[in-house]
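Sharing a structure, written as structure tokens. Questions coming.
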Amino acid sequence: MFLSLFPNGGWARFLIPVFPALALAAAFAVESLLLKGKHNEAVRAAVLVLLLAPGAARSWSFDAELVLPDTRPQARAWIEANVPPGSNVMSFNSHTTVQLTPSREHLQMLLAKIGEHPRARLYRLMLASHPGKGYGIYRIAQDSRILQAGPGHVKFSASGRAMIEPSHGLKGVRAAGIDYFVFTSYGSNAEGFEKLQPFLTEIFTASEWLVAFRPEPGVRRGPEISIYRLQESPS
């Protein structure tokens, strides 16, 4: 009942705790059905196949896509081969875009900025085991309604990261020293991209397109990713 009232209650990860109970209920229903009347083994086998086949087919299709190459690791490999270490890279939330290693300097800057924020412990651990090189990583800020999260949660999470405020436009991007922009089609929803359109248009106009990585059915999965290099300010 609680999940049905929650707007995102249908998300599979929220339903995982319910699956054991659903499986038991389904098993009880199937057992009760098969025990009613006199059914031979062939009929029972046919019923089980009819019950299991749709779920098995969906699982197979889902898993087959998961094992395909993803555009995000491909874009990361390109960045690490072509973008100078220490460059400042702007993109969207981490789960939607390329996973890059933050540079030592960037981690030190974040530690000085966030104080006793819980992410400080993560940054200290990353510094202690830093592999070298890396980039300055900046995220585009979006409001809580677009991110489908509580305003306080979004604000607290953003306070532990390096954020770019779209309302500051290209001027704010240049002030942060951004060198590259990684656009990802997973970065926002339709409403969010519409709201970001003036900001993104300004960035695209002031940038040089470098490369794109696109999904292809049966070959490659993931978001569409385009990488841009910001051009120097004319003034």
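The values are calculated or read from the model by the stated rules, or taken from the named source; none is laboratory data. In this text the structure is predicted, and so the values were computed from the model without any measurement. Every residue, glycine as well, gets a Cβ built from its backbone with ideal geometry; the counts of neighbours run over all protein chains shown.
Enumerate the helices (runs of 4 or more DSSP H) found wholly within the stretch 56-142, keeping only those where 2 or more residues are touching a helix residue (DSSP H, G or I) at 6+ places or on another chain (Cβ under 8 Å) and touching a residue at least 24 places away in the same chain (Cβ under 8 Å).
Helices (runs of 4 or more DSSP H) meeting the threshold: 104-114, 119-128.
Moving to a separate point now. Among the numbered criteria (1) more than 30 Å from V182 (Cα to Cα); (2) of a type in the set (S, T, N, Q); (3) touching a strand residue (DSSP E or B) at 6+ places or on another chain (Cβ under 9 Å), which one does Q74 miss?
Just one mismatch for Q74, condition (1).
Let me ask you something else. Does L24 satisfy being modelled with pLDDT of 85 or more, touching a His at 6+ places or on another chain (Cβ under 9 Å) and part of a helix (DSSP H, G or I)?
Against the criterion (modelled with pLDDT of 85 or more, touching a His at 6+ places or on another chain (Cβ under 9 Å) and part of a helix (DSSP H, G or I)), L24 does not qualify.
Is it the case, given these coordinates, that E165 is surrounded by 12 or more Cβ atoms within 10 Å (Cβ to Cβ) and more than 29 Å from A81 (Cβ to Cβ)?
In short, yes.
Consider L210 carefully, then state whether it is in a strand (DSSP E or B) and surrounded by fewer than 19 Cβ atoms within 10 Å (Cβ to Cβ).
So L210 fits the description; yes.
Quick one: which of L100, L111, L107, L127 is closer than 22 Å to A212 by Cα and either surrounded by 14 or more Cβ atoms within 10 Å (Cβ to Cβ) or at pLDDT below 95 (or both)? Let's see the steps before the verdict.
Numbers: L111 fails: closer than 22 Å to A212 by Cα; L107 fails: closer than 22 Å to A212 by Cα; L127 fails: closer than 22 Å to A212 by Cα.
The unique qualifying residue is L100.
Among the numbered criteria (1) in a helix (DSSP H, G or I); (2) aliphatic (A, V, I, L, M); (3) in contact (Cβ under 8 Å) with a residue 24 or more places away in the chain, which single criterion is violated by V154?
Just one mismatch for V154, condition (3).
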